[in-house]
Amino acid sequence: MRKNGFLAFCFAFIPGGGQMYLGMMKKGLLLMGLFSAISFAAMTLYLDFLGFLLPVIWFYSFFDTLNSRCLSPEQLKEIDNNTTRFFSDFAPNFSIQWDKFGSKFHRYFGIGLILFGVYMIFRNVFQPMLRSLFEWLGFDYWILTRIFRSLPSLVISVAIIALGIHLVKGGKKSEQQDFVEYKGE
């Protein structure tokens, strides 16, 4: 089924949205996730130098949508499959095993929600109480405010370091012998 050209143009303004509208869900999700991850990293981790990538991704997504809207559904599906195939060929050790990830996704998502909830309770309930306590005691509150503002960045930085350590340790264990000699019974 042919997609509406005007709607494709409108969705093209959202990185990955145009690709999703045209039926290239994997490519659209990849572009949208990449754009969001870079935006998040640039703002939260104070990695401002990553900001130059955002217009590049946006323009690529925009013009890719406009160029892809003339293709047949079979061609769009082939392009979408080639996108994921490129990444699995480019970095086979980092390809996600979707069946294993899907079975543990609810656990990871739940842990993330719990941590986010604890942070929100602390930020919205305990932080104002601490501010009142500091003001009542006559102490300056700016140091504690600075610590609270840098807390998400600190947590993400520690998580990235832990992931790096895990990958370094896990890389040595993953080497397996390709050939196992049959010795008979």
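Listed values, structure above:
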{"item": "Verdict on ARG85 being surrounded by 10 or more Cβ atoms within 10 Å (Cβ to Cβ), assigned by TED's automatic domain parsing to the domain that holds ALA12 and at pLDDT below 75", "result": "yes"}
{"item": "Where a residue in region 131-155 is outside the structural domain of LEU47 (by TED's automatic domain parsing) and farther than 14 Å from TYR119 by Cα and its partner, wherever it lies, is surrounded by 11 or more Cβ atoms within 10 Å (Cβ to Cβ) and among the aliphatic types (A, V, I, L, M), with Cβ under 9 Å and at least six apart", "result": "ARG131/LEU144; PHE134/LEU144; PHE139/LEU133; TYR141/LEU130; LEU144/LEU130"}
{"item": "Selected residue (only one of TYR108, TYR60 is modelled with pLDDT of 80 or more and assigned to a helix (DSSP H, G or I))", "result": "TYR60"}
{"item": "Search result, residues across region 23-33 that are within 14 Å of LEU71 (Cβ to Cβ) and out of contact with any Leu (no Cβ under 6 Å at 6 or more places or on another chain)", "result": "LYS27"}
{"item": "Test set (1) over 21 Å from PHE13 (Cβ atoms); (2) in a loop (DSSP other than H, G, I, E, B) - LEU71 fails condition number", "result": "(1)"}
{"item": "Qualifying residues in region 38-82 (those that are in contact (Cβ under 8 Å) with a residue 60 or more places away in the chain and over 21 Å from the mean Cα position of the chain (by Cα)) - the one surrounded by the fewest Cβ atoms within 10 Å (Cβ to Cβ)", "result": "PRO73"}
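The values are calculated or read from the model by the stated rules, or taken from the named source; none is laboratory data. Computed from a predicted structure; not experimentally measured. Virtual Cβ from ideal backbone geometry, glycine too; neighbours counted across all protein chains shown.
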